[in-house]
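The structure appears below as structure tokens.
The values are calculated or read from the model by the stated rules, or taken from the named source; none is laboratory data. Everything quoted here is computed from the prediction, not taken from an experiment. When we count neighbours, we look across all protein chains shown, and the Cβ atoms used for this are built from the backbone with ideal geometry, even at glycine. Please note that ligands, DNA and RNA were not included when accessible areas were found on the heavy atoms of the full protein model with its side chains. Shrake-Rupley method; radii C 1.70, N 1.55, O 1.52, S 1.80 Å.
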Amino acid sequence: MIGKTLCSRSRPGSERLPLMLLAVLGALLTVGCRQDMHDQPKIEPYEVNNFFADGMGSRIPPAGTIARGWLREDSALWEGKDAAGELVDTLPMALDQALLERGQQRFEIYCSVCHGSTGDGQGMIVRRGFKQPSPLYEQRLQEMPVGYFFDVMTNGFGLMSSYAKQVPVQDRWAIAAYIRALQLSQNAALAELPSPIQDEFHAALTAAESEGDGVHHDDAAAEHH
Amino acid sequence: MAQIFRPSTNTIAKMSIILGLALAGSLVGLLMAFERSTYRTNEGVVYAQPVPFSHDHHTAAMGIDCRYCHYSVETSASAGIPPTDVCMNCHKEIWKDSPMLEPVRASYRDNTPLEWNRVHDLPDFVYFDHSIHVAKGVGCVTCHGEVNKMPLIKRGSSLQMSWCLDCHRNPEKNVRPPEEVFNMEWERPKDDPDYGAKLVEAAGIEGEQRLTSCSTCHR
């Protein structure tokens, strides 16, 4: 009946009362809204939602769910295996400088804490007591197809967990390519390096010999070819 | 009969008007200061957590990159809190019998989520996205403070609207080269007054108009 009262012009005094009441009610309502707007009934990432038995607002899709555009048809890309189920020995994408740089960056983030920046297996976590992995540039691993590294990252290996969650597929291949680069660089012959680096090495060698404390062959690679 | 209002009453009347106004003014000021105080914004407050996880140990001491755990920070709105499996990458072997880590192991065993208490939480009517800030060169340390030196995490900023706007109005004072975003020790070169402006140009950062319009953050 408020509408009717508002329209009546007969009693000027009572006309304002409902308006005032409305205003007060309105004000009360906005006070009430505040908390709702701060914490709306939508689900934000990680928000608790007790509608579900486990309380997790973010749901895990049922096994076998495929998002549009994410059908994993290409087994070389997604599993590192060819149609016959053998590990592939070529990258499923073009190899260029950008891919290697991406691989290096991702290796530093996700792998170097254990495997060390050069792949020697002496990362910080290993020094704090984690099992020491074999050097990534050892002979056995040089002979492995590149798909092997992808497979280890995807499915884990022994004590090492799967990194599939943390590292998306494209990045896993970039890291695999970078491990190949590490293997090359850690086993490079001195003669294959650019000449400024060769000169530097020879200078260091003569300096060390003249000091008398035999050279520390950390560059074992340099002599083994 | 004596006079009720002596001449001095005039002064009292004037004084009480001035005092009244001053009181009202300082009350408003006090309220505003209170709203902005760390007591209200919870800046610097340590929250109770199920496991005393130390960023100091894991990042500064052991050199683990932020992205090892917060791995969605470059690609999505949420930085992501690592699932229990990620802790177990290392803790299935390291400190595997420590009682401190029992909640982590229990969560892994029973496949139940580990419940951390949120330290940063904007109201739901604000839209925030990490990926754009990371891509355009705003460092973690600029917004979160020296997380790498925090044994227990606390807020490094107020998260108030004025804080967002201060930066959105002057991005050149706050950005860094995008490859330094995760470097907590980076220092801006001091000799080049145009350094920030060049970065803003290189990253193609939007103008003030766009960055301060209400619908950018309230959509």
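Select from segment A:36-83 the residues that are within 14 Å of another protein chain (Cβ to nearest Cβ) and aromatic (F, W, Y) and write down the one among them that is surrounded by the most Cβ atoms within 10 Å (Cβ to Cβ).
Here the residue is A:Y46.
Among the residues of segment A:109-121 satisfying the criterion of being facing chain B (nearest Cβ under 9 Å) and more than 11 Å from the chain's Cα centre (by Cα), which is surrounded by the most Cβ atoms within 10 Å (Cβ to Cβ)? Explain how you work it out, then say what you get.
Here is the first cut: in segment A:109-121, the ones facing chain B (nearest Cβ under 9 Å) are A:109-110, A:112-114.
Okay, now just the ones that are also more than 11 Å from the chain's Cα centre (by Cα), so A:112-114.
Values: A:S112: 21, A:V113: 23, A:C114: 21.
Ranking the candidates gives A:V113 first.
Being basic (K, R), assigned by TED's automatic domain parsing to the domain that holds B:L159 and modelled with pLDDT of 90 or more narrows it down to one of B:R67, B:R105, so name that one.
Working: B:R105 fails: assigned by TED's automatic domain parsing to the domain that holds B:L159.
Every option except B:R67 fails the conditions.
With the requirement that a residue be in a loop (DSSP other than H, G, I, E, B) and either in contact with a strand residue (DSSP E or B) (Cβ under 8 Å, 6 or more places away or on another chain) or open to solvent by 60 Å² or more (accessible area, probe 1.4 Å) (or both), what does segment B:184-219 give you?
Looking only at segment B:184-219, we keep the residues that are in a loop (DSSP other than H, G, I, E, B), and these are B:184-194, B:204-207, B:212-213, B:218-219.
Once the filter is applied, which keeps residues that are in a loop (DSSP other than H, G, I, E, B) and either in contact with a strand residue (DSSP E or B) (Cβ under 8 Å, 6 or more places away or on another chain) or open to solvent by 60 Å² or more (accessible area, probe 1.4 Å) (or both), segment B:184-219 yields B:E185, B:E187, B:R188, B:K190, B:D191, B:P193, B:D194, B:E206, B:H218, B:R219.
Residue-by-condition table, conditions (1) at pLDDT 95 or above; (2) out of contact with any strand residue (DSSP E or B) (no Cβ under 9 Å at 6 or more places or on another chain); (3) assigned to a helix (DSSP H, G or I):
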residue	(1), (2), (3)
B:I17	no, yes, yes
B:S26	no, yes, yes
B:L31	no, yes, yes
B:Y39	no, yes, yes
B:P50	no, yes, no
B:A60	no, yes, yes
B:M88	yes, yes, yes
B:K96	no, yes, no
B:M100	no, yes, yes
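Output the residue which, of all residues in segment B:107-158 that are among the hydroxyl-bearing types (S, T, Y) and assigned to a helix (DSSP H, G or I), is farthest from B:K92 (Cα to Cα).
First pass over segment B:107-158, keeping only residues among the hydroxyl-bearing types (S, T, Y): B:107-108, B:112, B:127, B:131, B:142, B:157-158.
With the extra rule that they be assigned to a helix (DSSP H, G or I), the set shrinks to B:107-108, B:131, B:142.
Numbers: B:S107: 13, B:Y108: 10, B:S131: 31, B:T142: 34 Å.
Among those that are among the hydroxyl-bearing types (S, T, Y) and assigned to a helix (DSSP H, G or I), it is B:T142.
Residue by residue through segment B:58-73, note down the ones that are more than 7 Å from every other protein chain (Cβ to nearest Cβ) and either more than 22 Å from the chain's Cα centre (by Cα) or more than 20 Å from B:Y108 (Cβ to Cβ) (or both).
Just the residues of segment B:58-73 that are more than 7 Å from every other protein chain (Cβ to nearest Cβ), to begin with: B:58-61, B:66, B:69-70, B:72-73.
If the condition is that a residue be more than 7 Å from every other protein chain (Cβ to nearest Cβ) and either more than 22 Å from the chain's Cα centre (by Cα) or more than 20 Å from B:Y108 (Cβ to Cβ) (or both), then B:T59, B:A60, B:A61, B:C66, B:S72, B:V73 are the ones that fit.
Report, by residue number, each residue of segment A:152-182 that is surrounded by fewer than 20 Cβ atoms within 10 Å (Cβ to Cβ), touching a residue at least 40 places away in the same chain (Cβ under 8 Å) and touching a Phe, Trp or Tyr at 6+ places or on another chain (Cβ under 9 Å).
Selection gives A:T154, A:V169.
Select, from B:M100, B:M161, B:M88, B:M150, the only residue that is aliphatic (A, V, I, L, M), more than 11 Å from chain A (Cβ to nearest Cβ) and more than 17 Å from the chain's Cα centre (by Cα). Walk me through it before giving the result.
Working: B:M161 fails: more than 17 Å from the chain's Cα centre (by Cα); B:M88 fails: more than 11 Å from chain A (Cβ to nearest Cβ); B:M150 fails: more than 17 Å from the chain's Cα centre (by Cα).
When all the criteria are applied, what remains is B:M100.
Go over the candidates A:L100, A:L136, A:L95, A:L141 one by one and state the one that is in a loop (DSSP other than H, G, I, E, B), open to solvent by less than 60 Å² (accessible area, probe 1.4 Å), farther than 19 Å from B:C69 by Cα and away from chain B (no Cβ under 13 Å).
Values: A:L100 fails: in a loop (DSSP other than H, G, I, E, B); A:L95 fails: open to solvent by less than 60 Å² (accessible area, probe 1.4 Å); A:L141 fails: in a loop (DSSP other than H, G, I, E, B).
The match here is A:L136.
Just the residues that are more than 8 Å from chain A (Cβ to nearest Cβ) and either in a helix (DSSP H, G or I) or closer than 27 Å to A:R127 by Cβ (or both), please, taken from segment B:74-85. Even if it seems obvious, please write down each step before you answer.
Taking segment B:74-85 first, the residues more than 8 Å from chain A (Cβ to nearest Cβ) are B:74-76, B:79, B:82, B:84.
Within segment B:74-85, B:P82, B:T84 meet the criteria.
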